[in-house]
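Chemist: Take this structure, written in structure tokens, and hold onto it; I'll ask about it next.
The values are calculated or read from the model by the stated rules, or taken from the named source; none is laboratory data. All of these numbers come straight from a predicted model, not from anything done at the bench. All Cβ positions, even for glycine, are placed from backbone atoms using ideal geometry, and neighbour counts span all protein chains on display.
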Amino acid sequence: MVVDFNFFIYHYNIMENASGIPHALSYSLNTMQGTSFNSFELAPSTGTSSVGANGQIRFMVPNNGLLDVKTSKVTFSVTTTASKGCRLPAHADTLFQRLEVKAGGVTIYSGSNFHGILENIKYNMGIKKACGVTGHKDFLDAGDAKGKFIGTANVSETYGEELGVASNMFAIDLGDFANIQPRLLSVDLLPSLEVILTLADNSVLSCVTSGILQRGAGSDITTVNSSASGAQFTVTNPRLYVNMYSLASGAYQNAIRSRMADVGYLSLCYDNNLCFNSEWTGSSRFSLSAMSLKRLTAVWRRKSASTISGAVPVAGGACADFDGDGGVYGILGSSGANNGGIAEYQGAVQQFSLPTSEPAHNVTSAAGASFHYDSANACDFQWKIQSAQVPQYFADVVQQAELTKHAYNVEEFGKAKIMPQYLFNYHAFSIPLELPTSPLDKKVISGLNSMSTNMFVELTSSGSNRDLSNYDVLIFATIDNILRVGEGKAIELLN
């Protein structure tokens, strides 16, 4: 009997290409030869070494090679006004209100004026991980990112000296644009790329009286500093580090040219988030037209977040006086003496809460009353899309949490560990409008298509425990952007 091995190899390849053989059993290899890598440091095109609140930073990206957008980062240090107890918010992204990308002067990623809030939502949901080393992951109280003690009254968190001068301290990615597909962007196919970052205003800072939570004292980290007025931050020494690959074989370039000749263009896909911001009066209504609406997300923020305040405690940490006032503690630690034990804080600018009358919007102390949702009355929500109800009921707090996890394709939240944390610090209500995905799935555009009509969307609420006076609502509509690239660096944006 003669065995035809070519016959078996042929059918093995057919079965594998048809996904008949799991990856764990596959012996096939893909080969790309002549791969090289390098990383480049780019100074701002404006030549600016320091930028204050609401200022802009611009970078021009090299126009040759394969840009790894996901790992390219902007690094910088930060200085703040001395003697005002300044603290930076958790997550370095919060210092920026907008990120834009232009190609040949044409905006291909516009972002929104709420970039920092959007990035915080991603961290809260767990779809983005914060780095404790370079991302300023936490709100720092008595020690800064260099290891220096700053718990003394009126001492500010600042990085204009020591390690903050010898090296940049923090790094951020390029937001939604960092997740462009394919990940390696052949920049020689595009007009010159420019990255533009706009800084947030000074209200992202917190100014505390002391860096330590003092039990029984009136001056602590949750109390706003009496000298908070005029506190400012400045981003210093900004740099863009781009990671670039090249392929010497020419096979990839030939494949790109062949694809462009067959179809007429190449397609790049990435998310974009449109933000609709308004005062919360019990409902919010807006309209949009999109090729693929993937998700709707609403967060509520206190109007007082527009002014500098003290630190906001995270429910579940130790309280100011934990021997009798009913504070919620023990999840993050409750042992300690005068400092109240281990506790966790956040800036008011990144506190998203269920907009309830009880507990009240102005209860921000570390005592248990801040986190005690003891009202028997409801604060429920429902979306309406062209009058169609989604979901088919007013969602209570558990249903809000479960639908939000479904929308972000996670099994648990990235930040909230207990219900009071979700309601007081990290609340969001979201619904999915695209097919569910798995991490290894190929990109599929399956969101709600409203290109042929101006679609009206409304967020409504019910219940007598709603606070209709003291909150703003920010609604993010996540859509797919498709960038088509043709011959001669011609580009077309679909959204």
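Chemist: Out of Ser72, Ser36, which single residue is touching a helix residue (DSSP H, G or I) at 6+ places or on another chain (Cβ under 8 Å), closer than 29 Å to Leu184 by Cβ and of a type in the set (Gly, Ala, Ser)?
Modeler: The unique qualifying residue is Ser72.
Chemist: Looking only at residues in region 335-393 that are charged (D, E, K, R) and over 23 Å from Pro432 (Cβ atoms), which one is modelled with the highest pLDDT?
Modeler: Out of the qualifying residues, it is Glu358.
Chemist: Tell me the residue from Val457, Val485 that is over 30 Å from Glu358 (Cα atoms) and not polar (S, T, N, Q), please.
Modeler: Val485 is the lone residue from the list that is over 30 Å from Glu358 (Cα atoms) and not polar (S, T, N, Q).
Chemist: So, one more: Scan region 390-408 for residues that are exposed (fewer than 13 other Cβ atoms within 10 Å of the Cβ) and farther than 28 Å from Glu119 by Cβ and jot them down.
Modeler: If the condition is that a residue be exposed (fewer than 13 other Cβ atoms within 10 Å of the Cβ) and farther than 28 Å from Glu119 by Cβ, then Gln392, Tyr393 are the ones that fit.
Chemist: Scan region 24-42 for residues that are surrounded by 10 or more Cβ atoms within 10 Å (Cβ to Cβ), of a type in the set (Ser, Thr, Tyr) and part of a loop (DSSP other than H, G, I, E, B) and jot them down.
Modeler: If the condition is that a residue be surrounded by 10 or more Cβ atoms within 10 Å (Cβ to Cβ), of a type in the set (Ser, Thr, Tyr) and part of a loop (DSSP other than H, G, I, E, B), then Ser26, Ser28 are the ones that fit.
Chemist: Here are some conditions: (1) outside any loop (DSSP other than H, G, I, E, B); (2) in contact (Cβ under 8 Å) with a residue 60 or more places away in the chain; (3) exposed (fewer than 12 other Cβ atoms within 10 Å of the Cβ). Gly488 meets all but one. Which one does it not meet?
Modeler: Single failed check for Gly488: (2).
Chemist: Just to be sure before I move on: is Phe424 hydrophobic (A, V, I, L, M, F, W, C) and more than 29 Å from Ile108 (Cα to Cα) in the structure I sent?
Modeler: yes
Chemist: Criterion first (crowded, with 20+ Cβ neighbours inside 10 Å and either among the polar types (S, T, N, Q) or under 25 Å from the mean Cα position of the chain (by Cα) (or both)) does Phe413 satisfy it?
Modeler: So Phe413 fails the test.
Chemist: Say whether the condition of being of a type in the set (Phe, Trp, Tyr), under 23 Å from Phe114 (Cα atoms) and modelled with pLDDT under 95 is met by at least one residue in region 410-425.
Modeler: So far as region 410-425 goes, yes, one or more of its residues are of a type in the set (Phe, Trp, Tyr), under 23 Å from Phe114 (Cα atoms) and modelled with pLDDT under 95.
Chemist: Still on this structure: For region 171-190, which residues satisfy the criterion of being surrounded by 22 or more Cβ atoms within 10 Å (Cβ to Cβ), among the small types (Gly, Ala, Ser) and outside any helix (DSSP H, G or I)?
Modeler: Answer for region 171-190, where residues must be surrounded by 22 or more Cβ atoms within 10 Å (Cβ to Cβ), among the small types (Gly, Ala, Ser) and outside any helix (DSSP H, G or I): there is none.
Chemist: Taking Glu161 as meeting all but one of (1) free of Cβ contacts under 8 Å to residues at least 24 places away in the same chain; (2) assigned to a helix (DSSP H, G or I), write down the number of the exception.
Modeler: Glu161 satisfies every listed condition except (2).
Chemist: Looking only at region 418-464, count how many residues are of a type in the set (A, V, I, L, M, F, W, C) and either in a strand (DSSP E or B) or under 30 Å from Asp374 (Cα atoms) (or both).
Modeler: Qualifying residue count, region 418-464: 12.
Chemist: If you don't mind, there's one more thing I want to ask. Does region 433-454 contain any residue that is over 19 Å from the mean Cα position of the chain (by Cα), surrounded by fewer than 15 Cβ atoms within 10 Å (Cβ to Cβ) and basic (Lys, Arg)?
Modeler: Yes - at least one qualifying residue is present in region 433-454.
Chemist: Please find, within region 253-287, the residue that is modelled with the highest pLDDT out of those that are among the aliphatic types (A, V, I, L, M) and touching a helix residue (DSSP H, G or I) at 6+ places or on another chain (Cβ under 9 Å).
Modeler: So, considering only residues that are among the aliphatic types (A, V, I, L, M) and touching a helix residue (DSSP H, G or I) at 6+ places or on another chain (Cβ under 9 Å), the one modelled with the highest pLDDT is Leu266.
Chemist: As an exercise: evaluate Val187 against (1) at pLDDT 95 or above; (2) closer than 30 Å to Ala251 by Cα and give the number of the one condition it does not meet.
Modeler: (1)
Chemist: To continue, here is another question. Do you know which residues across region 43-74 are surrounded by fewer than 14 Cβ atoms within 10 Å (Cβ to Cβ) and not in a loop (DSSP other than H, G, I, E, B)?
Modeler: Within region 43-74, Gly52 is the sole residue that qualifies.
Chemist: Next up: Within region 39-65, track down each residue that is small (Gly, Ala, Ser), at positive phi and touching a residue at least 40 places away in the same chain (Cβ under 8 Å).
Modeler: Of everything in region 39-65, just one residue is small (Gly, Ala, Ser), at positive phi and touching a residue at least 40 places away in the same chain (Cβ under 8 Å), namely Gly65.
Chemist: Is one or more of the residues making up region 200-213 within 21 Å of the chain's Cα centre (by Cα), outside any loop (DSSP other than H, G, I, E, B), surrounded by fewer than 22 Cβ atoms within 10 Å (Cβ to Cβ) and at pLDDT 90 or above?
Modeler: Yes - at least one qualifying residue is present in region 200-213.
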